[in-house]
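Trainee: First the structure, then my questions, so here it is.
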Amino acid sequence: MPCGAAGRYDVIVPAGGAARRLGGADKPALSVGGRSLLDRVLDACPDAATAVVVGPRRPTARPVVHAREEPPGGGPLAALDAGLRHTTAPVVLVLSADLPFLTGATVRALLAAVEETDGALLRDAAGRDQPLVAAYRAEPLRRVLDAVRAERGALDGLPLRALLGRLTLRRVPDPTATASFDCDTWEDIEAARARIREHGTVLDEWITAAKAELGIELDVDTAALLDLARDAAHGVARPAAPLTTFLVGYAAAQQGRDVSALAEKAAALANRWAAESAENADATPEAAPEAKPKAQPEK
């Protein structure tokens with residue numbers, strides 16, 4: 001069974017940093033596209049058997065296990081150690097809490113690459129390794145952490161390079177620097193908020209956010225629904241567009257049917273309405289011009 005299958009991996013999200021470049025703001029709780037950065041990261045790995053968030057308690061859209069590094073704010077190795085104490089899967093996904101554009105596709109690529117090695121980490125477009133966007137085998141990760149602790153006396157305050165040089169790792173490229181884009185400054189936050197509103201992605205971002213807010217998991221054929229809205233607006237009346245798409249969604253939920261198939265049925269109905277209107281317009285005779293009253297002879 002591949003590592004990416006449901007229940008075969010856990011995820012640890014270190015979220016206890018001081019965010020000094022953000023003036024000490026609670027970075028994982030900052031909103032991008034109406035969702036916290038932490039929720040956006042957790043949304044990229046819905047199949048994780050256990051999700052462990054290391055840091056102060058924060059509300060999350062999905063259930064998580066809360067853990068705290070020792071001491072609080074003790075750095076990435078201390079956070080990994082704290083998180084591993086709550087995981088049991090053979091593979092552990094490690095994700096920083098400030099990745100607004102991380103996707104399930106990147107997560108799956110990391111999980112696939114971890115086969116027959118100690119781990120796989122993302123490499124950004126500039127060639128920099130991203131050890132907090134990575135998948136590791138739990139057993140060698142625990143073993144190396146124990147070795148570092150034995151040598152240094154503790155894990156707090158140690159950099160990640162103290163760990164990475166002891167593991168055999170693969171690199172997964174991120175040529176567009178999208179998945180590895182992280183938010184360290186307010187300029188990064190502003191750039192992320194602007195990026196999700198770009199014309200080519202705004203609808204997908206909105207639908208994902210709306211589904212998360214409503215607590216539903218549904219494949220949405222955006223093109224089919226937009227076509228349906230257009231047909232309803234043109235064939236019936238403009239207010240019919242949102243009402244019809246709502247009815248299609250409701251029917252899909254009630255009947256357990258495919259949204260695209262129901263959208264086609266509703267679009268066909270709207271087109272029949274439009275055709276009837278056109279036929280009626282063609283069949284209605286033009287009104288005869290009103291006859292002018294005859295002039296009365298002068299008396």
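Trainee: Apply the Karplus curve 6.51 cos²θ - 1.76 cosθ + 1.60, θ = phi - 60°, to the phi angles in the stretch 177-185 and return the couplings in whole Hz, x for Gly and Pro.
Mentor: Those phi angles translate into 6, 8, 5, 8, 5, 10, 10, 9, 10 Hz.
Trainee: Using the scaling law 2.2 N^0.38 Å as the reference, what is the normalised Cα Rg of the chain? The partial results should precede the final answer.
Mentor: On the way: Rg = 28.2 Å, N = 299, 2.2 N^0.38 = 19.2 Å.
This ratio for the chain stands at 1.47.
Trainee: Same structure, new question: Kindly rank 183-189, 226-232 from highest to lowest mean number of other beta carbons found within 10 Å of each residue.
Mentor: Details: 183-189: 16.1, 226-232: 19.9.
Ranked by mean Cβ neighbours within 10 Å, highest first: 226-232, 183-189.
Trainee: Could you give me the ³J(HN,Hα) list for the stretch 250-255, computed from phi with Karplus coefficients 6.51, -1.76, 1.60 and θ = phi - 60°, whole Hz, x at Gly and Pro?
Mentor: 5, 5, 4, 5, 5, 9
Trainee: Then there's this: Go through the stretch 96-112 residue by residue and turn each phi into a ³J(HN,Hα) via Karplus (6.51, -1.76, 1.60, θ = phi - 60°); whole Hz please, and just put x for glycine and proline.
Mentor: 3J(HN,Hα) across the stretch 96-112, in whole Hz: 5, 8, 10, 10, x, 10, 5, 10, x, 5, 5, 4, 5, 5, 5, 5, 5.
Trainee: Find the eigenvalues of the gyration tensor of the Cα atoms of the stretch 53-152, then list the square roots of 5 times those eigenvalues as equivalent ellipsoid semi-axes, largest first, in whole angstrom.
Mentor: On the way: eigenvalues 87, 70, 38 Å².
After scaling each eigenvalue by five and taking roots: 21, 19, 14 Å.
Trainee: Ok, one more. Which order do you get for S31, S277 if you rank them by accessible area with a 1.4 Å probe, largest at the top?
Mentor: Of S31, S277, the descending order of accessible area is S277, S31.
Trainee: Taking N as the number of residues in the stretch 151-221, what value does Rg over Cα atoms divided by 2.2 N^0.38 Å take?
Mentor: For the stretch 151-221, the normalised Cα radius of gyration comes out at 1.69.
Trainee: For the stretch 234-279, what ratio Rg/Rh do Cα atoms give with a Kirkwood hydrodynamic radius? Present the calculation step by step, with values, prior to reporting the outcome.
Mentor: On the way: Rg = 11.4 Å, Rh = 11.0 Å.
Checking Rg against Rh, the ratio lands at 1.03.
Trainee: If I ignore ligands, DNA and RNA and count only protein heavy atoms, how much of D219 is accessible to a 1.4 Å probe, in Å² to the nearest 10?
Mentor: The value for D219 is about 130 Å².
Trainee: Let me understand the stretch 132-176 better: what is its radius of gyration from the alpha carbons, and its Dmax, in angstrom?
Mentor: Just the Cα atoms of the stretch 132-176 yield Rg and Dmax of 12.1, 40 Å.
Trainee: Follow-up question, since we're still on this one. Would you mind telling me the share, in percent, of accessible area of the chain contributed by carbon and sulfur at probe 1.4 angstrom?
Mentor: On the way: 9110 of 16940 Å².
In the chain, the share of accessible area belonging to carbon and sulfur is 54 percent.
Trainee: Sticking with this structure for a sec: On C-alpha positions alone, give me the angle between the axis of helix 186-195 and the longest principal axis of the chain, in degrees, nearest 10.
Mentor: Approximately 40 degrees, to the nearest ten.
Trainee: Could you tell me how many degrees, from 0 to 90 and to the nearest 10, lie between the Cα long axis of helix 222-235 and the main elongation axis, the longest principal axis, of the Cα atoms of the chain?
Mentor: With both axes taken from Cα atoms, the answer is about 20 degrees.
Trainee: So who's got an amide H within less than 5 Å of the one on Y9, skipping anything under 5 residues away but keeping other chains? H placed 1.01 Å off N, in plane.
Mentor: It is A49, by chain and number.
Trainee: Let me ask something else about it. Calculate the dipole size of the chain relative to its Cα centre from +1 charges on Lys and Arg beta carbons and -1 charges on Asp and Glu beta carbons; express the result in debye to the nearest 20.
Mentor: Working: 35 positive and 41 negative charges, 145 e Å.
About 700 debye.
Trainee: Another question about this same structure. Once you have the alpha carbon radius of gyration of the stretch 190-255, what is it after dividing by 2.2 N^0.38 Å, with N set to its residue count?
Mentor: 1.28
Trainee: How charged is the neighbourhood of R257? Take every other residue with its Cβ under 13 Å from the Cβ of R257, and add Lys/Arg as +1 and Asp/Glu as -1.
Mentor: -3
The values are calculated or read from the model by the stated rules, or taken from the named source; none is laboratory data. Remember, it's a predicted structure, so these values are computed and weren't measured experimentally. Reconstructed Cβ throughout: ideal geometry from the backbone, glycine too, with neighbour counts over all protein chains shown. Please note that ligands, DNA and RNA were not included when accessible areas were found on the heavy atoms of the full protein model with its side chains. Shrake-Rupley method; radii C 1.70, N 1.55, O 1.52, S 1.80 Å.
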